[in-house]
Structures are given as C-alpha cells and as structure tokens.
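Undergrad: Take a look at the following structure, please.
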Amino acid sequence: MLSVKDLHVHYGKIHAVRGVSFHVEEKEIVSIVGANGAGKSTIMWTLAHVLKPSSGEITFLGLPLPEKPHEVVHSGMCLVPERRRLFGALTVSENLVMGAYMRKDAEGIRRDMERTFELFPVLKGRLNQVAGTLSGGEQQMLAIARALMSSPRMMLLDEPSLGLAPILVDRLMDAIVALRESGMTILMVEQNADRALEISDRAYVLEVGTIIMEGSGKDLLDDPVVRKAYLGELA
Amino acid sequence: MFLQTLFTGLSVGGIYALMAVGYSLIFSILNFSNFAHGSVIMLGAYMGLGLASKFGLKLGFVVAGAMAGGGLLAVLNERLAYRKLRHRNAPSLYLMISAMGCSVFLENMVYVTIGSRFYAFPEFFTRRVVTFLGSSVSVMDLFALAFSLLAIGALGLFLARSRTGIAIRAGVCDMTMCSLMGVDTDRLVALVFLLAGALGGLAGTFMGVRYLVYPTMGWITNKAYIAAVIGGLGSLLGAIVGGVILGVVETFISAYVSSILRDVFSFTILIALLVCMPNGLFGKSMEERV
C-alpha cells in the first residue's frame, strides 16, 4: 500500500533520514521504534509531504506521493502528528468539521461521526467545548477522531501515547486495534516501544536515520538487543 | 450637537473598523503587518471614484465595484509579493518589508499614471441630512455606518458558521495542520486577502466620499493599526471595537477640543497602549504569537 525506497531527508544541513526503505501493506499495523532524535517524526512529516525528501521514492496506492500536503490527504493518507496539534481555539465539533473538510458526502460524514463516537464516547458529550480545554487523553482521542473524519485509507500516528497515563495508553492501543479490525491501515512511530510492538504486525527499528532491524512485532519484542536498547531492560 | 457628533464618530469608527478587520485578519493568519493594506484601500477609493464620476453609477454599484476591485488587487498582491516568501518559510519581517515595497510601488504608480491631484466624489446625496431627536445627521454617515455594519456582520457570520470560515479560524490556530486536513492553504490565504481587500475597497470608497481621494490617503491605515492595537492585534472583535472607539473619540476631540489635536491624541493612545497594555482589549498574549 505504502512503499518507501532509499529515502533521504535533510533538515537544513542535518542529514536526518539516511536511506530508509520500508513498506506497509493493506490492513497492517506497522511500527517504527527508536530513540529520541532517530528521525521517526521526520519520516512521518515527509510522508505527509510537509517536509520534502532530498531523494528517494515514496509510492502510495501504486502512485507517487502527491506534491502538496492537502493532496496527500485527498489521496487517502492522514497524519496525526506528535503532540496532537488540535485547533485549540475551536470547539470539538469544529475540529471534527475540519477533519471532514474535503468531503462532500453529508450522509457519509454523519455516519463517520457516529462511528467516531462509538470509538471515543467521551467526545460526544463535549462537542461544544473548546478543544484546548480538553484533558490530554481526550485531546489524543480528538486528534485521532479528527483524522478519521477525513475517511483515510491509511493513518500515520506520531507518538500517539505521548503524555498519556498508562490506563489511557491501554485504551488508545485498543482503539488502534479496533480501527485495524474495521479495515484501516496504520503506520505509527513510538518511543513507548513495548506497547507499540505488542499490537504491531511488523516493525522497524530506526537508529540515527537508518533502519537497523526489522521483523514481526513479536520477534522484535523478544529480541534481546531491542529489549536492551529500547525497552530499558538490563541484559 | 452631541448626537450629530456621535453619529459622525460612529460612521468614522465603522470605516476604521472595516480597515482594521482586514488588516487584523491578515495579521492573524500570516502573522505579519500588511502595510500594503493602505494602498489597497487607496486604490479601492480611486476605483470607486472612477465608477462614480466617469460612469455616474449609483452608490450601491460604486461600493460593489470598489469591493470587487479591492479584493482582486489584494489577491494579486499576495500572489505576486508574498506567496513565494511564504513557501520558503521566510521570517515575517521579510513579508513586512515586501509589503512596504508594494505600498510605495502602488502609491508611486498612482502618482505617475493619475497624478497627485486631490479628487472629490460627486455628491451622492447633496449633503442631505435627516433630523433625529433634534440633531441633524448626515445621510452619508448613516449609509457608511450601515454598510460597515452589514459588511462586518456578514464576515462575522461567515467566519462563525461556514465550513470555509471554520477553516480560516483553524488556519489562524495552525496553518500546517490546516493543510493536513486537506485544505489548500494557498487558496485559503487568497480568500483571506480577497475578504480583507473587499472590506478595504469599501472603506476606501467611504473615506473618499467623506474626505478626498489622493495617492497618500492609504496612510489612514495607521488609524486601522491603532484600532487593531486598542482591540488587541489579531482579534477581529478587538479590531471592530477598537475602530469604533477610536472613531468616536477622535470625532469628539475634533468637535469639542481641536481638530489639530486629533491625530496627536490618537497616536498618544497608540504609544501609551503599546507600553502599558500591549495585548489590547481582546488580544492574545504577544509572547504566544511571536
């Protein structure tokens, strides 16, 4: 579904992503794990085409990635960035309207709104609340809900568990699994590697802009090197 | 006398509010002071003047024409002078300098092509007045006030309710995220300039009718800047309230103190506010914006 070949990205003079290749198949949950500064978020912003690659090839649904960020969303891929980046001064319902901005099918929007409330019931009671006043967990739910409203084929989740209490991380991971059950393809990057690997079909380990390891989520979870480097376990 | 001054003040304030809202709208979405806004207002006035004196059109058509012209000019201005800079993520100082360049360019183009003469609008209502509670109020003032209220009200409703209006407010929060919602941000910015320019054209026409039309009349946007600062930069409600307050206060100063002291007073307010209350009445904290 998504294929990335030999991707290089520069941030000014910093060579942040150095020849990364990976792929995501339909209805997979794929994770990229790695330490802070490994280039995970850079990859995500490049897939959303807010950052431009210096070289490399990105194809989504068999076509080259569209040039402009809004065209990427139209092609069916939606990024939920790190720290959620909600429209803080807008209400919850206005945030959801923005999520569905590019759609014309009122009926479909209404149906997706209902589906979103099934997934995140807490949002339903807060439609007229200003998004900036939600709690961290609620904000993350809204960020995902907002992205869902664009009815994407594939979602990019950047550090979805960041700043959430453990109980909320559980609920979030359940929600991500539920999304996949309903046919969504998901690529996520996480520092919270063990939680991400538990629910991932496959995963890549990124270190200073290069992929050093790949495998099924379970294999990586059991791998002593990964356990030592990213799960904080003493060997 | 009091009531008459109040109506004149409200009408001037309405015009300031029109200018300030356009200026504030652009400031809030692109975070820079669009100094070319005054030139758009000036050229809007010339367009209105042309439609009124060359073609002898009625006020409604003159206003519609000036709004359309001002809007298109502002869009063109953004397309040619700002868009490339935005795409390069240039600092907002560069945008501001580019805006100053546009302002000087447009003003001098008017000198070269039309000349430095002062023009007066033909009389739309031949100084007609209505008597209201014992005071005579100029019909033109009432029209200016009504058009300003109507235009600002329509804009407010559009921003609050429509999908595109929500997108503009979302863009004010976070432009990058707006593009990640599938919004073509270049088109959104163009639309903001269209709206600001249209309000500018309307303001320019009424300025021209009230005073005269001349190449440097765009400097009146300094008043819009003061209005925006009173209300709080980037806040639309603030721009409206600030504009009306400034217009009314200025008119009272002219009427009861001295018309020479009017601008001295306005700029004293500006400096005092910047020093003591930089966020104005409704502004967001400046640290957050910069």
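Undergrad: Mean Kyte-Doolittle of at least -0.5 and a Cα length of 15 Å or more along the axis: which whole DSSP H helices of chain A meet both?
TA: Numbers: long enough: A:106-119 (20 Å, -0.99); A:136-148 (18 Å, 0.28); A:166-181 (23 Å, 0.83).
Counting only whole DSSP H runs, the qualifying helices are A:136-148, A:166-181.
Undergrad: Let me ask something else about it. Cut-off is 10 Å between beta-carbons; in what order do B:Thr176, A:Thr185 appear when sorted fewest neighbours first? Provide the component values of the computation, followed by the final result.
TA: Details: B:Thr176 14, A:Thr185 22.
The fewest-first ordering by Cβ neighbours comes to B:Thr176, A:Thr185.
Undergrad: Around A:Val169, with a cut-off of 13 angstrom between Cβ atoms, what is the net charge of the other residues, counting Lys and Arg +1 and Asp and Glu -1? Mind showing how you got there, number by number?
TA: Working: positive: A:Arg171, A:Arg195; negative: A:Glu159, A:Asp170, A:Asp174, A:Glu190, A:Asp194, A:Glu198.
After counting each charged neighbour, the total is -4.
Undergrad: What does the highest-first list of B:24-35, B:232-243, B:267-278 look like by mean Cβ count within 10 Å? Please report the intermediate quantities before stating the final value.
TA: Working: B:24-35: 23.7, B:232-243: 25.5, B:267-278: 12.8.
Order by mean packing, descending: B:232-243, B:24-35, B:267-278.
Undergrad: If Lys and Arg each add +1 and Asp and Glu each add -1, what is the summed charge of the other residues whose beta carbon sits under 13 Å from the beta carbon of B:Arg163?
TA: My count for the surroundings of B:Arg163 gives +3.
Undergrad: Which whole number gives the average count of other chain Cβ atoms within 10 Å of the Cβ atoms across peptide A:91-101?
TA: 4
Undergrad: Still on this model: How shielded is B:247-260 by partner chains, expressed as the average number of their Cβ atoms within 10 Å of its Cβ atoms? Walk me through the intermediate numbers first.
TA: Values: counts 0, 0, 0, 0, 0, 0, 0, 0, 0, 0, 0, 0, 0, 0.
Counting Cβ atoms of other protein chains within 10 Å of each residue's Cβ and averaging gives 0.
Undergrad: For region B:111-188, state which chymotrypsin sites (Phe, Trp or Tyr not before Pro) are in a DSSP loop and have at most 12 other beta carbons lying within 10 Å of their beta carbon.
TA: Here the sparse-neighbourhood loop sites are B:Phe118.
Undergrad: On to the next question. Could you derive backbone 3J(HN,Hα) for region A:188-204 from the dihedral phi with the Karplus parameters 6.51, -1.76 and 1.60 (θ = phi - 60°), listing whole Hz in sequence and x where the residue is Gly or Pro?
TA: 10, 10, 8, 8, 6, 5, 5, 5, 5, 5, 4, 9, 8, 6, 9, 8, 10
Undergrad: Shifting gears a bit: Counting only complete DSSP H runs, which helices of chain B cover 27 Å or more along their long axis at the Cα atoms and score a mean Kyte-Doolittle of 0.5 or above?
TA: In chain B, the long hydrophobic H runs are B:2-30, B:92-113, B:139-161, B:185-210.
Undergrad: If amide H atoms are built 1.01 Å from N in the plane of the peptide, which residues on other chains or at least 5 residues away come under 5 Å of the amide H of A:Met213?
TA: When sequence neighbours closer than 5 places are left aside, the close amide H contacts are A:Val205.
Undergrad: Using a 10 Å cut-off on Cβ to Cβ distances, tally the other chain neighbours for every residue of A:114-126 and report the average as a whole number. Working shown, then result.
TA: On the way: counts 0, 0, 0, 0, 0, 0, 0, 0, 0, 0, 0, 0, 0.
Rounded to a whole number, the mean comes out at 0.
Undergrad: For the protein assembly as shown, with the dipole built from +1 on Lys and Arg beta-carbon atoms and -1 on Asp and Glu ones, taken about the Cα centre, which of B:Tyr225, B:Ala160, A:Leu47 lies farthest toward the positive end?
TA: Checking the options against the dipole of the protein assembly as shown, the answer is B:Tyr225.
Each value in this text was obtained by applying a stated rule to the coordinates, not by laboratory testing. Everything quoted here is computed from the prediction, not taken from an experiment. Neighbour counts are summed over all protein chains in view; Cβ atoms, including those assigned to glycine, are modelled from backbone coordinates with ideal geometry.
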